[in-house]
Number of protein chains: 4
Amino acid sequence: MKLFSFAGSLRLGSYNKMFAREALRLALESGVEGEFADMRDYRMPPYDADLETSSGIPESTRKLGQKIRTADALIIATPENNGSISGTLKNIVDWLSREQPVSLRGKHLLLLAASTGALGGVRGLWHARVPFEVLGMHVFPDMKGLPNAANAFNELGRLRDEQTLSQVKATVTAFVAHAAKG
Amino acid sequence: MKLFSFAGSLRLGSYNKMFAREALRLALESGVEGEFADMRDYRMPPYDADLETSSGIPESTRKLGQKIRTADALIIATPENNGSISGTLKNIVDWLSREQPVSLRGKHLLLLAASTGALGGVRGLWHARVPFEVLGMHVFPDMKGLPNAANAFNELGRLRDEQTLSQVKATVTAFVAHAAKG
Amino acid sequence: MKLFSFAGSLRLGSYNKMFAREALRLALESGVEGEFADMRDYRMPPYDADLETSSGIPESTRKLGQKIRTADALIIATPENNGSISGTLKNIVDWLSREQPVSLRGKHLLLLAASTGALGGVRGLWHARVPFEVLGMHVFPDMKGLPNAANAFNELGRLRDEQTLSQVKATVTAFVAHAAKG
Amino acid sequence: MKLFSFAGSLRLGSYNKMFAREALRLALESGVEGEFADMRDYRMPPYDADLETSSGIPESTRKLGQKIRTADALIIATPENNGSISGTLKNIVDWLSREQPVSLRGKHLLLLAASTGALGGVRGLWHARVPFEVLGMHVFPDMKGLPNAANAFNELGRLRDEQTLSQVKATVTAFVAHAAKG
């Protein structure tokens, strides 16, 4: 079983990248393989059907789709921007949906969110499920919003708080066990 | 009273642009002022907080925010992409939300969707309300999804079907009357 | 201007009733009229179209519809049950929607939620907007979730915490000012 | 593998009951076991925490929970009432969620909707996913809305239209194959 993980944020020091990486690290402890990708390495312009007609699907989209195809399950962390999925992530999803067959279809997905606020991006998580489900992904019912993300990680990018760490570990482990069934 | 209208699509021949324009035309018949803008003239990169830190909010975002500020109410047509708001539109909203004060806050909004399918983008409309409401917009309860959009407009960009035309006209008129109250 | 307020809970000591009452009290301070109703006095069976055919719309629904008709704006507090609107409230809405014309249509609505948890029912609030908006209500963009509700009220049913009180007061005042425009 | 199927409607001639039954019949063709239940045989009052305190969880809820526990996967058809899950179904879910452990948790669910309108209840389906997902169900990404339901079934309760029949069969078969993995 192979995981693929990324965050719907471009910022170098993104807490969502840290959360996606940390969740992947915890998943790997259970013996699965996995890889993290930084969306700075897969930049795409805002979706434009004319651009698609003239130049095709971007190379970055195709490379990302290929990564997704080789994975059995995904862990994606999304910023909550204006109560919903980040535009940056939604744009990635829209481009990915233009490939046939769609790489995301049929894959398992664990959605996470990190937020500097007190609610941990929980509104955004529920909004973010929809496009992935429309594309045929099995979005794991449990999600995990991480509040106060600015203080949540140590210098190695690990979750500081023991209780949070064990909750995230439990969610990730349950997700991996479920996804492993196929 | 002044309206401002645009579509969450970049495609030159976008049916959502046609729908946003046509709705605006019908609104102007009731004597209000209004303007349509093409998002090709307000291109923004995918939101990136590092870019914002280094270069500030894009000039295109500031110009769009200024247009919104001078309007009392907005008519926005969004493609339904993967059952939800288009990534292109969500990205515009995310950038707009970085200006303080947020130009969208307190404005009235009529949401429309045009789709080449049979459902008229109705799923996307309900998903698209959320970020606008989170930003404090008064999103009009009635929305209008236009199915089979590829055949809906004549060469002047007017709705061909009399019944559809009168329904859209009724929705637009009710919206303008409500928004006019302030 | 006249307000009408109730909660989507039947429990005698419901925190949502306390929150709906307290929000109404704060609204009345700005000089508007208003009334609170306890849904224990408007009990309805689960919606059943056969029951409607044989016995008509329940008397309790008609009485509630009449109260709503005489109001300009509503304040409704909903428990978050399973991440969404309470079934009890949804059932009331479904019955109310059977009257023609629908009493709710065109009214302004402020949605509140009280919860004994830390998130204040914020997921439920966003889910609860939808049926009211479908029915043509102008749901105020700002909502207010009250966390830790078990300790939030004093023996007179007033909010203990000064900051929370002033936030709720600000939301209620903004809502009343907006609804007063018609 | 064992299926359990019901509809979120009480009406004797409910199209959603017919749709839930028909989907179950199509599933049984692939050799799984299954049972349909009519919610008229599991009537519950609107959720009331005081009633729960004084009388406990209703016998009907406990019986329904037991049925769910013995099944591996569920097929539920929900009317779209006011753009969302029926209050009758939401009330059933709220009562079911009071049992510990919750019978629904971890089960696979296929959501269906039948509607006499042209959109087939598609808005309601997306709204109805949320409480089930919050309770830890694996809601199948594909759903099926049946438009024009008043003419969709023959006197044996079978879908008349060949194309619709084969689409529903395909969805049900894919669901059963997925749920069978555990």
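Here are a few things to note about the model shown:
- Some residue of region D:84-94 being assigned to a strand (DSSP E or B) and crowded, with 20+ Cβ neighbours inside 10 Å: yes
- The residues of region A:29-73 that are farther than 20 Å from A:Lys17 by Cβ, among the polar types (S, T, N, Q), touching a residue at least 24 places away in the same chain (Cβ under 8 Å) and out of contact with any strand residue (DSSP E or B) (no Cβ under 8 Å at 6 or more places or on another chain), listed by number, are A:Ser30, A:Gln66.
- Count - residues of region B:3-49 that are outside any loop (DSSP other than H, G, I, E, B), of a type outside the set (Lys, Arg) and more than 8 Å from every other protein chain (Cβ to nearest Cβ): 24
- Restricting region B:97-142 to residues that are of a type in the set (Val, Ile, Thr) and under 23 Å from B:Ala170 (Cα atoms), the residue that is nearest to the other protein chains (Cβ to nearest Cβ): B:Val122
- Any hit, region C:64-82, residues being within 11 Å of chain D (Cβ to nearest Cβ) and within 21 Å of B:Phe140 (Cα to Cα): no
- Among residues that are buried (at least 20 other Cβ atoms within 10 Å of the Cβ), under 16 Å from the mean Cα position of the chain (by Cα) and part of a helix (DSSP H, G or I), D:Lys67 is not included.
- Whenever a residue of region B:111-139 is in contact (Cβ under 8 Å) with a residue 12 or more places away in the chain, its partners that are part of a loop (DSSP other than H, G, I, E, B) and among the aromatic types (Phe, Trp, Tyr), lying with C-beta atoms within less than 9 angstrom and at least six residues away or across chains, give the pairs B:Leu111/B:Phe140; B:His138/C:Phe140.
- Scanning region C:149-182 for residues that are closer than 18 Å to C:Met1 by Cα and among the hydroxyl-bearing types (Ser, Thr, Tyr) returns C:Thr171, C:Thr173.
- B:Gly145 being within 20 Å of B:Leu10 (Cα to Cα), away from chain A (no Cβ under 13 Å), touching a strand residue (DSSP E or B) at 6+ places or on another chain (Cβ under 9 Å) and crowded, with 16+ Cβ neighbours inside 10 Å: yes
- Residues of region A:131-143 include none that is more than 30 Å from D:Lys107 (Cβ to Cβ), of a type outside the set (Phe, Trp, Tyr) and assigned to a helix (DSSP H, G or I).
- Selection status of A:Val130, in contact with a His (Cβ under 7 Å, 6 or more places away or on another chain) and within 22 Å of B:Val93 (Cα to Cα): yes
- Candidate set: region B:50-62, residues that are within 12 Å of chain A (Cβ to nearest Cβ) and more than 26 Å from A:Ala49 (Cβ to Cβ); chosen: the one nearest to the chain's Cα centre (by Cα): B:Glu52
- Where a residue in region A:1-28 is free of Cβ contacts under 8 Å to residues at least 24 places away in the same chain and its partner, wherever it lies, is acidic (Asp, Glu) and surrounded by fewer than 21 Cβ atoms within 10 Å (Cβ to Cβ), with Cβ under 6 Å and at least six apart: A:Arg11/B:Asp50
- Count of region A:103-122 residues which are part of a loop (DSSP other than H, G, I, E, B) and under 11 Å from A:Phe132 (Cα atoms): 4
- Test: residue in region C:32-53 that is of a type in the set (A, V, I, L, M, F, W, C) and over 24 Å from C:Gly136 (Cβ atoms): yes
- Filter result (within 14 Å of chain B (Cβ to nearest Cβ) and either exposed (fewer than 15 other Cβ atoms within 10 Å of the Cβ) or more than 17 Å from the chain's Cα centre (by Cα) (or both)) within region A:148-182: A:Ala150
- Checking B:Gly117 against (1) surrounded by fewer than 19 Cβ atoms within 10 Å (Cβ to Cβ); (2) at pLDDT 95 or above; (3) not charged (D, E, K, R), the condition it does not meet: (2)
The values are calculated or read from the model by the stated rules, or taken from the named source; none is laboratory data. Computed from a predicted model, the values in this text were never measured in an experiment. For neighbour counting, all protein chains shown are included, and Cβ atoms are generated from backbone atoms with ideal geometry for every residue, glycine included.
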